[in-house]
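Asker: The structure that follows is given in the form of structure tokens.
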Amino acid sequence: MPSTSPLNPDKVSVEEAAEQSSSVRGDEGSTWRTAWRLLRFTLAVDRRAFWLTVATALVGSLAEGTGLVLLLPLLSVAGMNFSGSPTAGWFSYQTQRLLIGSGIPHWLWLPTVLGVFLATAGVRSVLRRSQSTMVYSTTTRAELALSQRVYGAVVHAQWGFLVRQRSGRLTHLLTAELRRVAEAISLALSLINLGCLTLLYLLVALKLSAAMTLLVLAMGAVLMLLQRRSLERMRRSGEDLYESVGEVYAATEEHLLNMKSVKTYNAENRDVQLYSELCDEVARHSVDNAKHQAASAFRFEVGSLVALGAVIFFALSVLHVQAAAMLLLLAIFTRLMPQLASMQIQAHQIASILPSYDHVLAIEAECLRNAEKGLPAAGAEASAPLRIERELRLQDVWFAYQTAVQSRDPLSLAIKPEYVLRGIDLRIEVGMITAVVGASGAGKSTIADLANGLLQPTRGLLLLDGCALGLDKMRQWRLRVGYVGQDTVLFHQSVRENLLWAWPQASDDELREALLLASAGFVYDLPGGLESVVGDRGILLSSGQRQRISLARALLRKPTLLILDEATNALDVENEAVVLDGLRELVQTRHGSLTVLIIAHRASAIRRADRIFEMEDGRIARVGTWEELELEMRR
């Protein structure tokens, strides 16, 4: 995959994604690095919208400051004396000059200044509404860009890598954690707004009393330094919370998928107990997270009160600030302190959420490192499909899945290989039905995944007409491969949409032909025919009906190799015979344009095969026709 700018929201290179994810459980400065990367990513998604949001925050802050400054002439017109404060007195004097020069009668001064004050407040409210809309829009676009980018990396990863992951973990990252990242972006934009407003308050305060404001800034800097460690504590707390919530998501998916077994074994109470223990862990980390945040907020609030008391004492005892000016400064500082407190709270919330962004980037980096080769560039034409002219051969193939252990890393850690195929030599000849049979765990489905181009041999070669099928050719090969597995999952859509998912350009006649070849003509008897919705995972259909629709979907691709991986297990013997007889006839009538590989353990599924490979413990034990193997067994 070509390298792109790290600010490109669409895709990144392996090296860039790895660098971006390097701060997971990192050192003390990792919080700021991650925050800066997240801000850069948001900026890259829509630079114009980002800066427009910031500009609106600045204008809103200016309106807020204008309203604050207008308090001076408003109080002056109301009769308050600012003679003890040169700056406040100057503002009052200039306002009165402006009112006199405009010819406004004295009795209208107060309504006029009050009206301007309220109008400014109204403008500020409009700007706040606009800013809220823009923040939400910017946040949503960033979330969508990140989710599409990461999901694309997951989808394009090698199958051998994906099967080692817990799907619940990936679901958690692509849903809840991306939502938390969006929350961090929203908080960051809000923090920018608060920073602009705080800066404006400080400028006004500096104008009124530089000494007091500098004292406040010095004490605020001390408070911030004291809170520095709490940011890292919040980050570590957020990391623990991420781990526990991710475990709950993964367990939830697994428990729901096994609900039938749970109820069959009367294990409801035990299942609830296991789930509750995981939820208790989440609750514990959530409470710890809240405690850290509350303790930090408490320390900041107490420190702010001490600082405010010191400022008041210093102003009255040392600087001898007049009462009117002191009142105005207090009004500014009582507005400023909540802003600082809000900034502190939001900074800690962001620190708690940032581990989610780290882990999302870590998943993306791992997927990019394990990406399939030969992926076409966006907008590029797909390569021509590869076809079998003579045979597909597994030559001295050894294959090992890597055994993984759980860790605190976002993905499982592979530690050792376990060979499930040992020295396999298997030929799938064109225009024939080849069957692979054996007990569960003998390696049959692994052979199907190798033939399908989803896996690569650990040792040995996968040859198409004598030429090695490398990683760079697998996608071309799969363009004309049809696959039907034993775990048939349909989308919660209509029958038509489920079929077109495999071949979008198919016509109604082609849909009908594929359904009839798969013995799935029952579809036209459903209440909605092709438009009938099959339900979640196809639950509204029987297992046999789902498998026949899945077979029709595979046939719709007009494959040169059709792989049936225990695909007829859910069919009764009669329907299985109809489907297999139909396939046998199709193979014969297509004169070598269709080759079938059947993975099965049921004798009825392999009787029609031209050649049968019997597997035992990852090796080929016997090869022959049904009659030859039957005769050998009798001996």
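The values are calculated or read from the model by the stated rules, or taken from the named source; none is laboratory data. The structure displayed is predicted, hence computed values, not measured ones. Using ideal geometry, Cβ is built from the backbone for each residue, glycine included, and neighbour counts are taken over all protein chains shown.
Asker: Mind listing whichever residues of region 457-475 are outside any loop (DSSP other than H, G, I, E, B) and either touching a residue at least 60 places away in the same chain (Cβ under 8 Å) or crowded, with 18+ Cβ neighbours inside 10 Å (or both)?
Answerer: Of everything in region 457-475, those that are outside any loop (DSSP other than H, G, I, E, B) and either touching a residue at least 60 places away in the same chain (Cβ under 8 Å) or crowded, with 18+ Cβ neighbours inside 10 Å (or both) turn out to be 459, 460, 461, 462, 463, 464, 471, 472, 473, 474, 475.
Asker: Return the residues of region 565-604 that are in contact with a helix residue (DSSP H, G or I) (Cβ under 8 Å, 6 or more places away or on another chain), hydrophobic (A, V, I, L, M, F, W, C) and surrounded by fewer than 15 Cβ atoms within 10 Å (Cβ to Cβ); say none if nothing qualifies.
Answerer: Within region 565-604, 573 is the sole residue that qualifies.
Asker: For the condition more than 19 Å from residue 429 (Cα to Cα) and of a type outside the set (A, V, I, L, M), what is the one hit in 602, 622?
Answerer: Among 602, 622, only 602 is more than 19 Å from residue 429 (Cα to Cα) and of a type outside the set (A, V, I, L, M).
Asker: So which residues in region 507-525 are surrounded by fewer than 17 Cβ atoms within 10 Å (Cβ to Cβ) and of a type in the set (A, V, I, L, M), if there are any at all?
Answerer: The answer is 516, and nothing else.
Asker: Next question, about the same structure. Among the residues in region 160-175, are any over 19 Å from the mean Cα position of the chain (by Cα), in a helix (DSSP H, G or I) and exposed (fewer than 15 other Cβ atoms within 10 Å of the Cβ)?
Answerer: No.
Asker: Sticking with this one: When you check residue 266 against the structure, is it at pLDDT below 70, under 18 Å from residue 168 (Cα atoms) and either loosely packed, with under 12 Cβ neighbours inside 10 Å or more than 22 Å from the chain's Cα centre (by Cα) (or both), yes or no?
Answerer: no
Asker: Based on this model, can you work out whether residue 561 counts as in contact with a helix residue (DSSP H, G or I) (Cβ under 6 Å, 6 or more places away or on another chain), under 19 Å from residue 431 (Cβ atoms) and among the aliphatic types (A, V, I, L, M)?
Answerer: No.
Asker: Only residues that are among the aromatic types (Phe, Trp, Tyr) and touching a residue at least 24 places away in the same chain (Cβ under 8 Å): list them for region 268-315, please.
Answerer: 275, 300, 314
A quick yes/no check of all residues on (1) assigned to a helix (DSSP H, G or I); (2) surrounded by fewer than 17 Cβ atoms within 10 Å (Cβ to Cβ):
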{"position": "449", "(1), (2)": "yes, no"}
{"position": "455", "(1), (2)": "no, no"}
{"position": "477", "(1), (2)": "yes, no"}
{"position": "496", "(1), (2)": "yes, no"}
{"position": "527", "(1), (2)": "no, yes"}
{"position": "548", "(1), (2)": "yes, no"}
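Asker: Can you spot a residue in region 322-339 that is modelled with pLDDT of 70 or more, under 34 Å from the mean Cα position of the chain (by Cα) and not basic (Lys, Arg)?
Answerer: yes
Asker: Further question: Considering only region 158-181, I want to know if a residue exists there that is modelled with pLDDT under 75 and among the aromatic types (Phe, Trp, Tyr).
Answerer: no
Asker: Now, a different point. When you look at residue 217, is it farther than 20 Å from residue 352 by Cα and surrounded by fewer than 20 Cβ atoms within 10 Å (Cβ to Cβ), yes or no?
Answerer: yes
Asker: What residue, of 504, 559, is surrounded by fewer than 18 Cβ atoms within 10 Å (Cβ to Cβ) and either assigned by TED's automatic domain parsing to the domain that holds residue 447 or at positive phi (or both)?
Answerer: Answer to the selection: 504.
Asker: So, one more: Picking from 537, 496, 584, 553, which residue would you name as being of a type outside the set (Phe, Trp, Tyr) and modelled with pLDDT under 80?
Answerer: It is 537.
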